[in-house]
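The structure appears below as structure tokens.
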Amino acid sequence: MCDHGTYGVEQAMPEQPDLIKKEVLAAEWDLSPKTLDNWRSRGVGPPFVKLNSAVRYSRRACAQWLTEREAAQSEGVA
């Protein structure tokens, strides 16, 4: 028998899932979901993943993107 790891009940699920819908991110950032759509189509927004046709955002990747954007703006780059 091959042991591929244990993923049982003893492992706690994170309080907030890492992958979230655009509506959730938009609400958290006080934006319209359409703004995220526009950014995504222009290639200027936070990174996203597509699962079939569903677009999802990683909380960690979005936080990193926001931090980098804030740093660039404070340096006068963006």
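Computed from the coordinates by the stated procedures, all read-outs in this text should not be read as laboratory data. Please read these numbers as outputs of a predicted model, since none were measured by experiment. Reconstructed Cβ throughout: ideal geometry from the backbone, glycine too, with neighbour counts over all protein chains shown.
Tabulated results
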{"read-out": "Around ARG56: net Lys/Arg minus Asp/Glu count, Cβ-Cβ under 15 Å", "value": "+2"}
{"read-out": "Point-to-point label distance, GLN73-SER53, nm (Cα→Cβ direction, 7 Å offset)", "value": "3.4"}
